[in-house]
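Input: a single structure, listed below in structure tokens.
Values quoted throughout were computed directly from the atomic coordinates according to the rules given, and no laboratory measurement underlies them. Remember, it's a predicted structure, so these values are computed and weren't measured experimentally. Methodologically, a virtual Cβ is constructed for each residue, glycine included, from the backbone with ideal geometry; neighbour enumeration extends over all protein chains shown.
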Amino acid sequence: MDIQPLSDSLFTQIVDFRRDIHQHPELSWEEHRTQDRIAAFLEKLGVPFWTAAKTGIIAEFPGALSDAPRVVLRADTDALPIIEETGLPFASENKGVMHACGHDGHTSMLLGAASLMTNDENRKIPVRLIFQPAEEKASGAKAMIADGALDNAAMIFGGHIDRHYPLGTIIATEGPVNASSDTFDIFIGGKGGHAARPHETIDAVVVGSLLVMAIQTIVSREVNPAHPSVVTVGRFDAGTASNVISARAHLSGTIRAQDFDVRMMLQESIRRISKSIGQLHGAEVTVEIREGTSAVINPPEMADICRRAALEVVPEEFVHGLDTANMGAEDFADYMEEIPGCYVRFGSILPDQFPFPAHSSKFDFDERVLGVGAAYYHALAGIASMAVLEQLEG
């Protein structure tokens, strides 16, 4: 699809911005240069803004109804600890750090929308833009909320570049669009000894291995197949030498679910299985679970607002729901636990190239999506403002 809803001049500006911060990526809570670049862009537009959550920025377009609840649009700004292998001429110059999830694109889209909004007249409802740090650490949203990002706010909207869908596609769907994300650690205490005398030991590696296999049965045998969920052991640390039976082992992994009850059940199943296998082999097993972000679940009325905005930018056949469940996590859920909101996805497959997944060292996207996203957020600000106005008048 050949789509470019922006002027050549504005599109060039936000592409240049994207390439600049892509070349100079910064990890969570280290986005100082990125913050400065966003501030400079907003300052040039004459948009009022202030810093928040250490490396974040909040900007606001005033409205005639100055006390009215705000419409909030959010972008994330941080990069990942990945060595880039894209071969792009603007590839990361910060070795070991890369924008491998599209946050450089999200930030550029929102700045493009800000440029468009400077030409809006007769705005009644104030519109707030938040540029959030540390999404990858799942801690930035809470910090922005603590610093007032949702003060006197009515509704919030965000989105993510998605390499599963072609350019021009906007996924605006009701219901679950991201999973909850919790982390578990399992510590195994056995009895070490000589590898030639296993009968004198309690082998933590064997106990850990049994746990890895048993945990895999939780989703396949305890969860209703209609409820997408994932339990993954991503780390297994044990042992010091080939001829020593280890007395200690450590497993670490992630729990993903789109339903709250399933989320709680998965946690309890890990605890139950770990305790039972420990007792079976006489090992001491301790489970620690750290709850992370909740699932992102779009309310129908918020999804409808997003669909209406999308239809102002792309043809109807390019606006639809998710094809499959998305088990990735997003701390955008923290905002939606406070106020209504909606989270969409922007198709961005590069033509004639393999669609490397997010968090890949070769991740990239079709930069024309920046224009689609900017135009969408601009349209969304207007439609969401009308919804807020209707609520006030109703």
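Can you tell me the FRET efficiency between E43 and T240 if r is taken as the Cβ-Cβ distance and R0 is 56 Å, rounded to the nearest 0.05?
FRET efficiency, E43 to T240: 0.50.
To the nearest 20 debye, what charge dipole does the range 180-291 have about its Cα centre, counting +1 at the Cβ of each Lys and Arg and -1 at the Cβ of each Asp and Glu?
So the dipole magnitude of the range 180-291 works out to roughly 200 debye.
Explain nothing, just the number: relative contact order of the chain, from Cα pairs under 8 Å at least 6 residues apart, as a whole percent.
Normalised by residue count, the contact order of the chain is 24 percent.
Can you divide the C-alpha Rg of the range 180-291 by 2.2 N^0.38 Å and report the result to two decimal places?
With N residues counted in the range 180-291, Rg over 2.2 N^0.38 Å equals 1.13.
Averaging sequence separations of C-alpha pairs under 8 Å and six or more residues apart, then dividing by the length of the range 127-282, give the relative contact order as a whole percent.
Across the range 127-282, relative contact order equals 25 percent.
Choose one of M265, L211, V231: the residue whose Cα lies farthest towards the positive end of the charge dipole of the range 180-291 (beta-carbon charges +1 Lys, Arg; -1 Asp, Glu; about the Cα centre).
L211
Helix 204-222 sits at what angle to the longest principal axis of the chain, using alpha carbons and giving 0 to 90 degrees rounded to 10?
Computed tilt is about 50 degrees.
Order these peptides, 107-119, 212-224, 324-336, 123-135, by their mean beta-carbon neighbour count within 10 angstrom, highest first.
123-135, 107-119, 324-336, 212-224
Which links in K54/K124; K95/K137; K44/K362; K137/K362; K54/K362; K54/K137 stretch past 24 Å when you go from one Cα to the other?
K54/K124; K44/K362; K54/K362
Whole-Hz Karplus ³J(HN,Hα) for the range 329-336, in order, using 6.51 cos²θ - 1.76 cosθ + 1.60 and θ = phi - 60°, x for Gly and Pro?
Per-residue couplings from phi come out as 10, 8, 6, 4, 4, 4, 5, 6 Hz.
FRET efficiency for M213 and R248, Cβ-Cβ distance as r, R0 = 22 Å, nearest 0.05?
Plugging the Cβ-Cβ distance into 1/(1 + (r/R0)^6) gives 0.65.
Hey, what did the range 307-386 get for relative contact order, percent, Cα under 8 Å, at least 6 apart?
Normalised by residue count, the contact order of the range 307-386 is 42 percent.
For an R0 of 56 angstrom, estimate the FRET efficiency from the Cβ-Cβ distance between I289 and D120 and round to the nearest 0.05.
0.75
When you have a sec, figure out the Kirkwood radius of the range 253-335 from all distinct Cα pair distances and drop it here in Å to one decimal?
16.2
Roughly what would the spin-label model give for L350 and R272, points 7 Å off Cα along C-beta, in nm?
4.7
Roughly speaking, what is the stretch gain from A64 to A325, that is 0.36 nm per residue apart minus the C-alpha to C-alpha distance, in nm to one decimal?
Extending this stretch completely gives an extra 89.8 nm.
Cα centroid distance between the range 74-107 and the range 1-64, in Å?
15
Quick one, what does Rg over Rh come out to for the range 1-158 if you take C-alpha atoms and the Kirkwood Rh?
Rg/Rh: 0.98.
Per-residue ellipticity at 222 nm for the chain, helices alone: DSSP H runs ≥ 4 residues times -39500 (n - 2.57), over residue total, nearest 500 deg cm²/dmol?
Result for the chain, helices only: -11000 deg cm²/dmol.
Using packing as a proxy for protection, rank 10-17, 380-387 so that the peptide with the highest average count of other Cβ atoms within 10 Å comes first.
Per-residue mean Cβ counts within 10 Å order the peptides as 380-387, 10-17.
For the chain, what is the charge dipole size about the Cα centre, in debye to the nearest 20, if Lys and Arg each add +1 at the Cβ and Asp and Glu each add -1 at the Cβ?
The dipole of the chain has a size of about 1080 debye.
Could you size up the charge dipole of the range 25-162 around its Cα centre, putting +1 on the beta carbon of Lys and Arg and -1 on that of Asp and Glu, and report it in debye to the nearest 20?
Roughly 380 debye for the range 25-162.
What residue among M327, V314, F363 has its Cα farthest toward the positive end of the dipole of the range 278-394, where the charges are +1 on Lys, Arg and -1 on Asp, Glu, each on the Cβ?
The residue sitting most towards the positive pole is F363.
Against the longest alpha carbon principal axis of the chain, how many degrees, from 0 to 90 and to the nearest 10, is the axis of helix 8-23 turned?
Roughly 30 degrees, rounded to the nearest 10.
Can you tell me the 0 to 90 degree angle between the C-alpha axis of helix 32-45 and the longest principal axis of the chain, rounded to 10?
Value to nearest ten degrees: 20.
In nm, give the distance between the simple-model label positions of Q4 and W50, each being 7 Å from the Cα along the Cα-to-Cβ direction.
3.9
Once you have the Kirkwood Rh of the chain from its Cα pairs, apply Stokes-Einstein at 37 °C and 0.692 mPa s and quote D in µm²/s.
Answer, rounded: 146 µm²/s.
Just grab the label-to-label distance for E312 and A146, each label 7 Å out from Cα along the Cβ direction, in nm (one decimal).
Calculated label separation equals 3.6 nm.
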